[in-house]
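Here's the structure, in structure tokens; my notes come after.
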Amino acid sequence: MATAETKVQVSEFTNEPFLDFSKAENRVPMEAALKKVASEFGKEYPMYIGGKQVFTTAKMSSVNPSHPSQVIAVFQSASAEQANEAIEAANRAFETWKRVPAERRVECLFRIAKILRERRHEMNAIICYEAGKSWPEADADTAETIDFCEFYGREMLRLSGPQRVTPMRGEKNYMVYIPLGVGVVIPPWNFPAAIAAGMTVASLVTGNTVVLKPAGDTPTVAAKFVDIAYEAGIPKEALTLVAGSGSLVGDALVRHPKTRYIAFTGSKEVGLRISEIAGKAVPGQMWIKRTVLEMGGKDSIIVDEEADVESAVEGVVQSAFGYQGQKCSACSRAIVSEKIYDDFVAKVVERTKEIKVGPSEDPLNYMGPVVSKSAMNTILGYIDVGKKEGRVLAGGDRAPGDGYFIQPTVIADVDPKARIAQEEIFGPVLAVIKARNFDHALEIANNTEFGLTGGVYSKNPAKLEKAQEVFHVGNLYLNRKCTGAMVGAHPFGGFNMSGTDSKTGGKDYLLLFLQGKSIAEKI
Ligand code: NDP
């Protein structure tokens, strides 16, 4: 019997450090990368099906949300038939890719990480332009992409080869993890590199083939990542990029009988639709489709009367307005003890008014645009609702500029059951809710259908302990912001309508892309 030992030698996983843009050694190359990427605006990208370039008559394009007249890239727009062809081709490629030794697949991931380190500024610049991320937010996205490659590579080494089971006299027993088949990967636009790449490399390193449908707003980031993956040795047949309308192409990919699983990150509505369609067997389907669904959030930070208020204000503001509040982990509700409510509200408003909003390519702007015109209109619609549901104390409107800029908005005195306290807005809008005491605050924190992230600021250990037991979220943060999960340190994923709690960047994640085969031989 082979042993579980592998030939690839690796050091212990550590997170990729973020770049410090106050240093010229990072600032100057980032400025150069922004210029280079801008000089390539308008480029057309082909699609790859079965390893071959495909061009369609219908096209789609992505724009720069800071300056919507700038077209970043032109993409093919696949039909449902082409989506079906992509699954068929990926299914054929599975027969070869699944036989590639795990160590070779792992080496591809490590090479992707290496290339990303070499092209970090270029990747950051594309994210900055296409997703509207500030320099540090774009860099965190790229760093997380590198982390996923390094972390899942190491995890696959652990999971490859025979796994030990309880010995049994008279038998030689072991278990191996084998891949599932064709995985459909459907990411959102808000972590256009890290989430798209994370679900993709987890699928590939475990031996599955992938049809990746990028988010309509950020296809260039996905296309750049796919190019890097090919360069790192991932065969074109094993990784297909199919751009197109989410509802048309997404539905076809999910429905196809040869689709073995769907790894999705996005809204509750689309996640539930995928769950429903995947749950219905179609003619020719041989398996129960597996779904890995990471969905929305309505994340709260509780600020107790025994909190360090200054630190709570900073944590809430960063969690609410970092990347314009467009993180699934973003704090959209501050639940504040009535004993410090007025003081907290005054300080949060003062701090929020210091935030600079403008084009993302300018590093002086902490907040850039929201991702699209439709996102902007939805958020402004919620702000209008909020004007009736509370007191708008900061923001409340668009910010100047031709881009999709919205002022960071604080709405106080919001009822815990108000719409802006319950529905995911996915923009820079913070609802502040008053709580009678800590137990009441916990009750409010648990009163939505979501359960993704949450935070508590308090110096009282008994209250922190109670929160650990009662606050029903997949990622709980104590006396720190509720965004910025790090691969390895904070396995990420939520409860209830926030998804299937898949815990990306955690030690259980790759098992979602594998199945265990138990083998017993009589000796
Ligand atoms: P959407 O649900 O709108 O879209 C996500 C992806 O699904 C996109 O690629 C989209 O394509 C595609 N899609 C749309 N319709 C269908 C369909 N019928 N079948 C299959 N795929 C489809 O979410 P957003 O992109 O707007 O992302 C924001 C959401 O993601 C928020 O709710 C946020 O909380 C959540 N999120 C959750 C995370 C978590 O870890 N829990 C992490 C990050 C974000 P297209 O773009 O072409 O429409």
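In segment 240-267, the residues that are touching a residue at least 60 places away in the same chain (Cβ under 8 Å) form Cβ pairs under 7 Å with partners that are open to solvent by 10 Å² or more (accessible area, probe 1.4 Å) and of a type in the set (Phe, Trp, Tyr), at six or more places apart or across chains, as follows: THR240/TYR48; LEU241/TYR48; ARG260/TRP287. Annotation for segment 429-450: no member residue is in contact with a strand residue (DSSP E or B) (Cβ under 7 Å, 6 or more places away or on another chain) and under 26 Å from THR142 (Cβ atoms). Only one of the numbered conditions (1) open to solvent by less than 20 Å² (accessible area, probe 1.4 Å); (2) closer than 16 Å to LEU393 by Cβ is violated by PHE438, and that is (2). In this structure, is ASP501 closer than 30 Å to ALA102 by Cα and part of a loop (DSSP other than H, G, I, E, B)? Yes. In segment 255-269, the qualifying residues are those that are more than 10 Å from ILE186 (Cα to Cα) and in contact with a strand residue (DSSP E or B) (Cβ under 7 Å, 6 or more places away or on another chain), and the one that is nearest to the ligand (Cβ to nearest atom) is THR259. Out of all the residues in segment 193-204, is one or more within 16 Å of the ligand (Cβ to nearest atom) and outside any helix (DSSP H, G or I)? Looking through segment 193-204, at least one residue is within 16 Å of the ligand (Cβ to nearest atom) and outside any helix (DSSP H, G or I).
The strands (runs of 3 or more DSSP E) falling completely within segment 48-91 that include 3 or more residues that are farther than 22 Å from ALA229 by Cβ and in contact (Cβ under 8 Å) with a residue 12 or more places away in the chain map to 59-64, 67-76. Looking only at segment 1-34, which residues are open to solvent by 70 Å² or more (accessible area, probe 1.4 Å), at pLDDT 95 or above and over 27 Å from the mean Cα position of the chain (by Cα)? LYS23, GLU25, VAL28 - these are the residues of segment 1-34 that are open to solvent by 70 Å² or more (accessible area, probe 1.4 Å), at pLDDT 95 or above and over 27 Å from the mean Cα position of the chain (by Cα). For SER300, the stated conditions do not hold, so it cannot be described as hydroxyl-bearing (Ser, Thr, Tyr) and surrounded by fewer than 19 Cβ atoms within 10 Å (Cβ to Cβ). One residue alone among LYS224, LYS289 is farther than 19 Å from ALA90 by Cα and either modelled with pLDDT of 95 or more or within 7 Å of the ligand (Cβ to nearest atom) (or both), and that residue is LYS224.
For segment 314-328, the set of residues classified as touching a strand residue (DSSP E or B) at 6+ places or on another chain (Cβ under 9 Å) and open to solvent by less than 10 Å² (accessible area, probe 1.4 Å) consists of GLY315, VAL316, VAL317, SER319, ALA320, PHE321, GLY322, TYR323, GLN324, GLY325, listed by residue number.
A single member of VAL282, VAL249 is on the phi < 0 side of the Ramachandran plot, within 12 Å of the ligand (Cβ to nearest atom), at pLDDT 95 or above and out of contact with any His (no Cβ under 6 Å at 6 or more places or on another chain), and it is VAL249. Assess whether ASP299 counts as being more than 15 Å from the chain's Cα centre (by Cα), over 27 Å from LEU204 (Cβ atoms) and near the ligand (Cβ under 10 Å from one of its atoms). Against the criterion (more than 15 Å from the chain's Cα centre (by Cα), over 27 Å from LEU204 (Cβ atoms) and near the ligand (Cβ under 10 Å from one of its atoms)), ASP299 qualifies.
Within the span defined as segment 350-364, every residue fails to be within 13 Å of the ligand (Cβ to nearest atom), under 23 Å from the mean Cα position of the chain (by Cα) and not in a helix (DSSP H, G or I). Taking segment 152-192 as the range and being in contact with a Phe, Trp or Tyr (Cβ under 6 Å, 6 or more places away or on another chain), under 28 Å from CYS128 (Cβ atoms) and within 16 Å of the ligand (Cβ to nearest atom) as the test, only ILE186 passes. Can you confirm whether LYS339 is without any contact (Cβ under 8 Å) to a residue 60 or more places away in the chain, over 14 Å from SER458 (Cα atoms), part of a loop (DSSP other than H, G, I, E, B) and open to solvent by 60 Å² or more (accessible area, probe 1.4 Å)? Here the answer is no, as LYS339 does not meet what is asked.
Every residue in segment 227-246 that is surrounded by fewer than 22 Cβ atoms within 10 Å (Cβ to Cβ) and modelled with pLDDT under 95, please. Answer for segment 227-246, where residues must be surrounded by fewer than 22 Cβ atoms within 10 Å (Cβ to Cβ) and modelled with pLDDT under 95: SER245, GLY246.
Return yes when GLU150 is under 22 Å from SER372 (Cβ atoms) and either in contact (Cβ under 8 Å) with a residue 40 or more places away in the chain or assigned to a helix (DSSP H, G or I) (or both) and no when it is not. Criteria not met by GLU150.
The values are calculated or read from the model by the stated rules, or taken from the named source; none is laboratory data. Keep in mind the model is a prediction, meaning the values are calculated, not measured. We place every Cβ from the backbone using ideal geometry, glycine too, and count neighbours over all the protein chains shown. For accessibility, only protein heavy atoms count, side chains too; no ligands or nucleic acids. Shrake-Rupley method; radii C 1.70, N 1.55, O 1.52, S 1.80 Å.
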